[in-house]
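J.: Have a look at this one before I ask anything.
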Amino acid sequence: MVYRFKLVSDEASNFAREIEIDSDSSFLQLRNAILDSVDYSKDDMDSFFLCDDDWQRQEEITLEDMGSSSDCDIWLMEDTPVGELVEDEGQKLVFVFDYLTERSFFMELKEIIPGRSLSEPVCTMKKGKAPVQKVDMDEFDAQIDAVAMKQAADVLDEDFYSGEGGYNPEDLDGLVDDYNFN
């Protein structure tokens, strides 16, 4: 049985890839097909996450065992067939290709093709240019700082502190609740 996955990125709106893979193939083979399709190096750590319908991460499939606690199932890419964890059309996954910045591709199982098999995964559609694999950390930090400053400015408007007589402690009520840390 062949699975057809579609990949998109929240960084590049015109980017998409479709990968077809045999359901008996490993997550490592899927990983390598994805990385080949976007011309990324295979030298970095990355992981797949099975997600619910709202893209909330659930099970992780890792490249290497990172010494997780023994009460958790450890799914290794090399040892886990895709069909063991992905069974239904519409299943969502996230492929995190940059652990430092949590950059990832969003994946969905678009089609299950019974009666077919593939010896190797294949990229069947390439659209747009993939985001760069690694970002400059100084540039990334500057972007994060700019977002944080904008959010802080929105919360701490000119009425927060008048300069005379200090601030009103009631102005602090709910400040943390209003501030979006994500």
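Here's the yes/no breakdown for (1) exposed (fewer than 15 other Cβ atoms within 10 Å of the Cβ); (2) among the basic types (K, R); (3) touching a helix residue (DSSP H, G or I) at 6+ places or on another chain (Cβ under 7 Å); (4) in a strand (DSSP E or B):
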| site | (1), (2), (3), (4) |
| --- | --- |
| E78 | yes, no, yes, no |
| E84 | yes, no, no, no |
| D88 | yes, no, no, no |
| F97 | no, no, no, yes |
| S104 | no, no, no, yes |
| M107 | no, no, no, yes |
| I112 | no, no, no, yes |
| R116 | yes, yes, no, no |
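Matching residues to (1) of a type in the set (A, V, I, L, M); (2) under 15 Å from the mean Cα position of the chain (by Cα); (3) more than 17 Å from V86 (Cβ to Cβ); (4) open to solvent by 10 Å² or more (accessible area, probe 1.4 Å):
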{"site": "D10", "(1), (2), (3), (4)": "no, yes, yes, yes"}
{"site": "A16", "(1), (2), (3), (4)": "yes, yes, yes, no"}
{"site": "I34", "(1), (2), (3), (4)": "yes, yes, no, no"}
{"site": "M45", "(1), (2), (3), (4)": "yes, yes, yes, yes"}
{"site": "D53", "(1), (2), (3), (4)": "no, yes, no, yes"}
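The values are calculated or read from the model by the stated rules, or taken from the named source; none is laboratory data. Predicted model only: the values in this text are computed from it and were never measured. Reconstructed Cβ throughout: ideal geometry from the backbone, glycine too, with neighbour counts over all protein chains shown. Side chains are part of the model used for accessible areas, which takes the heavy atoms of the whole protein and leaves out ligands, DNA and RNA. Shrake-Rupley method; radii C 1.70, N 1.55, O 1.52, S 1.80 Å.
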